[in-house]
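Asks: Please read through the structure below; I'll follow up with questions.
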Amino acid sequence: MSFYELEHTADIIVHVSGETLKEVFSSAGTALMHIMYCGGTGTTIKKTISLSEPDIDTLMHDFLSELLFLSECDNIVFSTIEVSISGPNLEATLLGEPFNSERHAGGMEVKGISYSGLHIVKDENGYILDILFDV
């Protein structure tokens with residue numbers, strides 16, 4: 001499970017990889033939290049997400065959009081993202097902590113998740129994805 005930032009002129013692109021789809025989804029969510037808040041460690045708040053989409057790329061977009069929405073609206077920094085995928089269905093358990101400006105203010109505001117180039121690819125090592133975060 002891993003991610004790293006790629007160079008981009010205006011927004012942020014993150015390259016995500018994992019042996020399984022669950023790992024790619026979890027890493028993508030963790031990357032989003034890292035970009036926004038430089039990460040978090042608390043697990044005092046628990047949220048769940050249930051989504052269903054006809055294709056895996058749309059499922060990823062909707063998952064990250066929901067994670068962004070919950071984080072911003074409820075002021076939560078998620079540190080643990082556990083994902084289960086079965087066909088077109090996703091279930092996620094999110095553990096986090098309340099936003100604290102002294103600990104979480106080092107990141108960037110993400111306005112949205114772009115569909116541009118969002119395509120999960122399976123290769124010999126697992127799955128890879130480049131995600132464009134609109135900042």
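The values are calculated or read from the model by the stated rules, or taken from the named source; none is laboratory data. Given the structure is predicted, the values throughout are model-derived calculations rather than measurements. Glycine also receives a Cβ, built like all others from the backbone with ideal geometry; neighbour counts cover every protein chain displayed.
A quick yes/no check of all residues on (1) among the aromatic types (Phe, Trp, Tyr); (2) exposed (fewer than 13 other Cβ atoms within 10 Å of the Cβ); (3) under 25 Å from Lys122 (Cβ atoms):
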site	(1), (2), (3)
Asp11	no, no, no
Ala28	no, no, yes
Met36	no, no, no
Thr43	no, no, no
Pro54	no, yes, yes
Glu72	no, no, no
Ile81	no, no, yes
Ser101	no, yes, no
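Asks: Would you confirm whether any residue within segment 22-33 is among the β-branched types (Val, Ile, Thr), closer than 16 Å to Asp134 by Cβ and in contact with a strand residue (DSSP E or B) (Cβ under 9 Å, 6 or more places away or on another chain)?
Replies: no
Asks: Every residue in segment 85-130 that is under 14 Å from the mean Cα position of the chain (by Cα), of a type in the set (Ser, Thr, Tyr) and part of a strand (DSSP E or B), please.
Replies: Once the filter is applied, which keeps residues that are under 14 Å from the mean Cα position of the chain (by Cα), of a type in the set (Ser, Thr, Tyr) and part of a strand (DSSP E or B), segment 85-130 yields only Thr93.
Asks: As an exercise: evaluate Thr41 against (1) closer than 12 Å to Phe25 by Cα; (2) hydroxyl-bearing (Ser, Thr, Tyr); (3) not in a strand (DSSP E or B) and give the number of the one condition it does not meet.
Replies: Answer for Thr41: the failing condition is (1).
Asks: Does segment 52-84 hold any residues that are free of Cβ contacts under 8 Å to residues at least 60 places away in the same chain, assigned to a helix (DSSP H, G or I) and closer than 19 Å to Gly18 by Cβ, and which are they?
Replies: Those that are free of Cβ contacts under 8 Å to residues at least 60 places away in the same chain, assigned to a helix (DSSP H, G or I) and closer than 19 Å to Gly18 by Cβ: Thr58, Leu59, His61, Asp62, Phe63, Leu67.
Asks: Also, quick follow-up: Mind listing just one residue for me: the one in segment 104-127 that is crowded, with 16+ Cβ neighbours inside 10 Å and touching a Gly at 6+ places or on another chain (Cβ under 9 Å) and, of those, nearest to Thr43 (Cα to Cα)?
Replies: Selected residue: His104.
Asks: Moving on to the next point. Can you confirm whether Glu23 is modelled with pLDDT of 95 or more, touching a helix residue (DSSP H, G or I) at 6+ places or on another chain (Cβ under 8 Å), outside any loop (DSSP other than H, G, I, E, B) and within 18 Å of Phe3 (Cα to Cα)?
Replies: No: the conditions fail for Glu23.
Asks: Another question, if that's okay. Taking Ile56 as the residue in question, decide whether it is farther than 14 Å from Val110 by Cβ, hydrophobic (A, V, I, L, M, F, W, C) and touching a strand residue (DSSP E or B) at 6+ places or on another chain (Cβ under 9 Å).
Replies: yes
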